[in-house]
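Pasting a structure here, questions to come.
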Amino acid sequence: MRTFTDNAGRTWTIAVTVDAIKRVEGLIAGVNLAKLMVGDPPLLTRLETDIVLLCDVIFALVKPQADQLGVTDEEFGRALGGDAIRLAHDAFWEELIDFFRQLRRTDTARAIKKQISLVEATVAAIEQQVETLDVEQVIATALGGSAGNWPASPASSPDR
């Protein structure tokens, strides 16, 4: 079991069990955590790239705790921002990896790790692209010229 703390200071415990997988499937149509490779894109990819879907799944996993505390899914979502969502994300994936390892489904555990690595590498590549972006050149290209050929702005032109 993995835990994380939300922005309201509540500690949640994620436990992936057969019961929890059935609960997720019952609450979220088309989401069966035992079938991560199914779908187009596969559920594994959707969970790593769709933060709302991931939060819905995590809420379904902790729903018995939420019910005891009287926390709705909206309140739960409101308390997941910044570090809290990252902690929930990591706790979910670590727990799911452990579930499949214990089931001796190391192929699925490896696929989960590879998916996480793929997203991290993609984010890093995009960050690098953004850092090297020449904003003036992009604007000039979009306008069909170069930055040096732009007319002077009205503020820099003398009044007539």
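Quick note: the coordinates plus some simple rules give every number you see, no bench work behind them. A quick note: this is a predicted structure, and the numbers were derived from the prediction, not measured. Here the Cβ positions follow ideal geometry from the backbone for every residue, glycine too, while neighbour counts run over all protein chains shown.
State to the nearest 20 debye the size of the charge dipole of the chain about its Cα centre, where the only charges are +1 on K and R beta carbons and -1 on D and E beta carbons.
On the way: 16 positive and 23 negative charges, 130 e Å.
In debye, rounded to 20, the chain gives about 620.
I've got another one for you. Just rank Leu44, Leu33, Leu87, fewest to most, by other beta-carbon atoms within 10 angstrom.
Values: Leu44 21, Leu33 24, Leu87 17.
So the residues, fewest neighbours to most, are Leu87, Leu44, Leu33.
Ok, one more. Using only the alpha-carbon atoms, how far is helix 18-27 inclined from the longest principal axis of the chain? Give it as 0 to 90 degrees, nearest 10.
Compared with the principal axis, the helix lies near 50 degrees.
Straight-line reach from Lys113: which lysines have a Cα under 25 Å away, not including same-chain ones fewer than 8 places off?
Partners within reach: Lys22, Lys35.
Treating the angle as unsigned and between 0 and 90°, give the value, to the nearest 10°, between the Cα long axis of helix 51-69 and the longest Cα principal axis of the chain.
The answer is roughly 40 degrees.
Would you be so kind as to identify which of Gly81, Leu43, Ala109 lies farthest towards the positive end of the dipole of the chain, taking Lys and Arg as +1 and Asp and Glu as -1 on Cβ and the Cα centre as origin?
Farthest towards the positive pole: Ala109.
Determine, for Asp6, Asp107, the number of other Cβ atoms within 10 Å of each Cβ, and report the residues in order from fewest to most. Numbers along the way, then the final one.
Details: Asp6 22, Asp107 10.
Ascending number of Cβ neighbours within 10 Å: Asp107, Asp6.
To test your reading of the geometry: what angle, between 0 and 90 degrees and rounded to tens, separates the Cα axis of helix 106-131 from the longest principal axis of the chain?
20
Report the net charge of residues surrounding Val71, where surrounding means a beta-carbon distance below 11 angstrom and charges are Lys +1, Arg +1, Asp -1, Glu -1. Numbers along the way, then the final one.
Details: positive: Arg10, Lys63, Arg78; negative: Asp6, Asp67, Asp73, Glu74, Glu75.
Summing Lys/Arg as +1 and Asp/Glu as -1 gives -2.
Taking neighbour Cβ counts within 10 Å as the exposure measure, how do Val38, Val62, Val130 sort from fewest upward?
Working: Val38 11, Val62 25, Val130 8.
Ascending number of Cβ neighbours within 10 Å: Val130, Val38, Val62.
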